[in-house]
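*Asks:* For reference, the structure I am asking about is given below.
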Amino acid sequence: MAYSKKVVDKFENTLENPQAFNVGRFDPKEENVGTGMVGAPACGDVMKLQIKCEPKGNTHIIKDVKFKTYGCGSAIASSSELVEMLIGKTLEEAKDIKNKEIVDALELPPIKIHCSVLAEDSIKQAIEDYESKQ
Amino acid sequence: MSTQSTIYLDYASTTPVDPRVASKMMQYLTPDGEFGNPASRSHRYGWKADDAVEEARSHVANLVNCDPREIVWTSGATEADNLAIKGVARFYKSKGNHIITSKIEHKAVLDPCRQLEREGFEVTYLDPNEGGVITPEAIKNAMQENTILVSIMHINNELGTLNNLEEIGNITREAGAFFHVDAAQSTGKVDIDLSKLPVDLMSFSAHKTYGPKGIGALYVRRKPRVRIEALIHGGGHERGMRSGTLPTHQIVGMGEAFKIAKEEMESDHIKIKAYHEEFLKEAMKIEHAYINGDLNNKVPNILNISFNFVEGESLIMGLKDIAVSSGSACTSASLEPSYVLRALGRKDELAHSSIRFSFGRFTSDDDIKNTLSILNKVVDRLRELSPLWEMHLDGIDLDTVKWNTH
């Protein structure tokens, strides 16, 4: 497997200690929660990302994040990496996160770049869901 | 981490060389050994090497009950498959241009068939039944006037399922077509008696049966005679069917491995069958685990299981101290799940979730126990991470969900 040590470590740490790595769920009906779910089981990966936000000045800030991912090791590592990037960011900053940042952080091999694209899509969708509730 | 601390359960991929085989091979390499060219007719170095090659040929023939003159050495089962399929097709092309094979063959059969299609042959790729077996009826229905060759594997490498060679062979005989069998997974696992089986060509590999990589053989029937066009020319070795200096040490290794296989098939089988039963019983206690392949028609050394709601590659990564292989797309460069599992009609997500465990001569009780305990833990943890498992627990039918495919 052409995985970097970073992918392997991220995957293994998330698996060993899911709570510490924000694995879990929020109630999607809560008003301060936005949920994004992308991918399909038939394609081999599904990511579900939830953000919990609060208003701050004229924007909203991401206070907490939960995720669950079905997929290959790099899909799980990509979600986990993204989650770390999100906490404390404003929605505007979060919207600006590009999949390339995940690729670079984890040194993803070219064949696994779609995992980072999926992660980027999941945060976009979660923000959209959150904003639609405000 | 050293590979020694990793439990090896991937015997269907390759086996270690039995130490008895390795020590015999060592006698055919160095200046103090029999290093001669078996084709050298003018001195004892050559004669001794030739004796060793012929003794090995008898061991191979003896395991499958054929005449040693029906065994042609090749570089492995892939070359044997190529030689059989292209060799028969090209030699008999004036008699017909139709070939029958199946969708669950190894690539060493499928790719030569694709090549023959480019050369103008017509190939029928049969579907297996849902148990992963090619039925004799399917062969019968696919037969045409111009069918010259049927190529069907004996044991499927991903599932361990067995095809009925006798019934299929009787159909091909009656139709006047040749019958080639890829038996790379069979030697030392099940009895093969070519004096009785209606099979014309059969491919063998050494490295799936505790011999070295890089050597295999093709059985080419003498009565009734099968002719093949050679793929490799250059000296007319192996009665013109496969030129090239014979690798004495590799051949001796295959011979010794097959001799041991004959002697120890029964004891290996008893041990492996017990492991299979234990593994099956325990693994089936995991919720939503499904066996791929017909349990009543398979060999015990291969066990292919899908763990629903868990993706196969992540499972393999989680099972980092266990060497197994997966039907998952993500373990290959293709991003397609196993074509074998898809051909069974399994849903894609189950194909993505499959793991092949294969046991062998050096598997221990501890290997099985430790694997089962790690497997339970890792499946649990990955399900805790899986949004599909969460939806399943919430009572959502995943088939009714509209997915955002990308």
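Since every read-out is calculated from the coordinates, none of them should be taken as a lab result. This one's a predicted model, so the numbers in the text were calculated from it and none came from an experiment. Neighbour counts are summed over all protein chains in view; Cβ atoms, including those assigned to glycine, are modelled from backbone coordinates with ideal geometry.
*Asks:* Across the range A:43-60, in residue order, what do the Karplus-derived ³J(HN,Hα) couplings come to in whole Hz, using 6.51 cos²θ - 1.76 cosθ + 1.60 with θ = phi - 60° and x for Gly and Pro?
*Replies:* Those phi angles translate into 8, x, 8, 9, 10, 10, 10, 10, 10, 10, 10, 9, x, 8, x, 9, 9, 10 Hz.
*Asks:* Now for a different question. From the backbone phi of the range B:61-76, what are the Karplus-calculated ³J(HN,Hα) couplings (6.51 cos²θ - 1.76 cosθ + 1.60, θ = phi - 60°) in whole Hz, Gly and Pro given as x?
*Replies:* 3J(HN,Hα) across the range B:61-76, in whole Hz: 4, 5, 5, 10, 6, 10, 7, x, 5, 8, 9, 10, 6, 9, 7, x.
*Asks:* Go ahead and estimate [θ] at 222 nm for chain A from helices alone: -39,500 (n - 2.57) per DSSP H run with n ≥ 4, summed, over the residue count, rounded to 500.
*Replies:* The per-residue figure over chain A is -14000 deg cm²/dmol.
*Asks:* Hey, what's the Cα Rg ratio for the range B:1-141 versus the globular rule of thumb, 2.2 N^0.38 Å?
*Replies:* 1.43
*Asks:* Under 12 Å from the Cβ of residue B:315, count the other residues' Cβ atoms, weight Lys and Arg +1, Asp and Glu -1, and hand me the total.
*Replies:* +2
*Asks:* Moving on to the next point. Compute the distance in nm between two label points, each set 7 Å from the Cα along the Cα-to-Cβ direction, one at residue A:20 and one at residue B:287.
*Replies:* 2.7 nm
*Asks:* Turning to a different aspect of this structure: If you wrap the range B:145-280's Cα atoms in a convex hull and average its projection over all directions, what's the area in nm²?
*Replies:* 9.8 nm²
*Asks:* Mind listing the Cα extents of the range B:192-253 along all three principal axes, in Å, largest one first?
*Replies:* 31, 30, 15
*Asks:* So who's got an amide H within less than 5 Å of the one on residue B:124, skipping anything under 5 residues away but keeping other chains? H placed 1.01 Å off N, in plane.
*Replies:* It is B:99, B:100, B:101, by chain and number.
*Asks:* Find, among the GluC sites (Glu not before Pro) in the range A:1-77, those assigned to loop by DSSP (not H, G, I, E, B) with at most 12 other beta-carbon atoms within 10 angstrom.
*Replies:* Taking the range A:1-77 and a limit of 12 other Cβ atoms within 10 Å, the loop GluC sites (Glu not before Pro) found are A:30, A:31.
*Asks:* Pull the list of chain A cysteines that no other Cys approaches to under 4.7 Å, Cβ to Cβ.
*Replies:* A:43, A:53, A:115
*Asks:* With a Cα-only, solvent-free Debye model of the protein assembly as shown, what are the log10 I(q)/I(0) values at q = 0.06 Å⁻¹?
*Replies:* -0.37
*Asks:* Okay, moving on. Can you give the net charge of the other residues whose Cβ lies under 10 Å from the Cβ of residue B:133, counting K and R as +1 and D and E as -1?
*Replies:* My count for the surroundings of residue B:133 gives -1.
*Asks:* While we're on this one: If the viscosity is 1.567 mPa s and the temperature 4 °C, what translational diffusion coefficient in µm²/s does Stokes-Einstein give for chain B when Rh comes from Kirkwood over Cα pairs?
*Replies:* The Stokes-Einstein estimate is 58 µm²/s.
*Asks:* May I pose another question? Before rounding to the nearest 500, sum -39500 (n - 2.57) across all DSSP H runs of length at least 4 in chain B and divide by the residue total; then give [θ] at 222 nm in deg cm²/dmol.
*Replies:* After summing the helix terms and dividing by the residues of chain B, the value is -12000 deg cm²/dmol.
*Asks:* Could you pull the Cα extents of the range B:361-406 along its three principal axes, largest to smallest, in whole Å?
*Replies:* 47, 22, 15
*Asks:* Taking all pairs of distinct Cα atoms, average 1/r, flip it, and tell me the Kirkwood hydrodynamic radius of the range B:94-217 in Å to one decimal place.
*Replies:* It works out to 14.8 Å.
*Asks:* Over the range A:42-134, what lengths in whole Å, largest first, do the semi-axes of the equivalent ellipsoid take, defined as the square roots of 5 times the eigenvalues of the alpha-carbon gyration tensor?
*Replies:* The three semi-axes for the range A:42-134 are 24, 13, 10 Å.
*Asks:* What is the helix-to-structure angle for A:113-133, meaning the angle in degrees between its Cα long axis and the longest Cα principal axis of chain A, kept from 0 to 90 and rounded to the nearest 10?
*Replies:* Taking the Cα atoms of chain A, the angle to A:113-133 is about 10 degrees.
*Asks:* Now, a different point. Per the Kirkwood definition applied to all pairs of different Cα atoms, how many angstroms is the hydrodynamic radius of the range B:228-346?
*Replies:* 18.3 Å
*Asks:* Can you work out ³J(HN,Hα) from phi for every residue in the range B:41-52, in order, using Karplus 6.51 cos²θ - 1.76 cosθ + 1.60 and θ = phi - 60°, giving whole Hz and x for Gly and Pro?
*Replies:* 9, 9, 7, 5, 4, x, 4, 5, 5, 4, 4, 5
*Asks:* Which three lengths, in whole Å and largest first, does the range B:172-221 cover when its Cα atoms are put on their principal axes?
*Replies:* Computed over the range B:172-221, the largest-to-smallest principal extents equal 37, 20, 14 Å.
*Asks:* Here's a follow-up. Using the Cα atoms of the range B:107-154 to build a convex hull, what is its mean projected area in square nanometres?
*Replies:* Here the figure is 3.8 nm², rounded to one decimal.
*Asks:* Greater than 27 Å separation of Cα atoms is the criterion. Which listed pairs, B:281/B:320; A:5/A:48; B:189/B:347; B:86/B:208; A:6/B:369; B:213/B:377, meet it?
*Replies:* B:189/B:347; A:6/B:369; B:213/B:377
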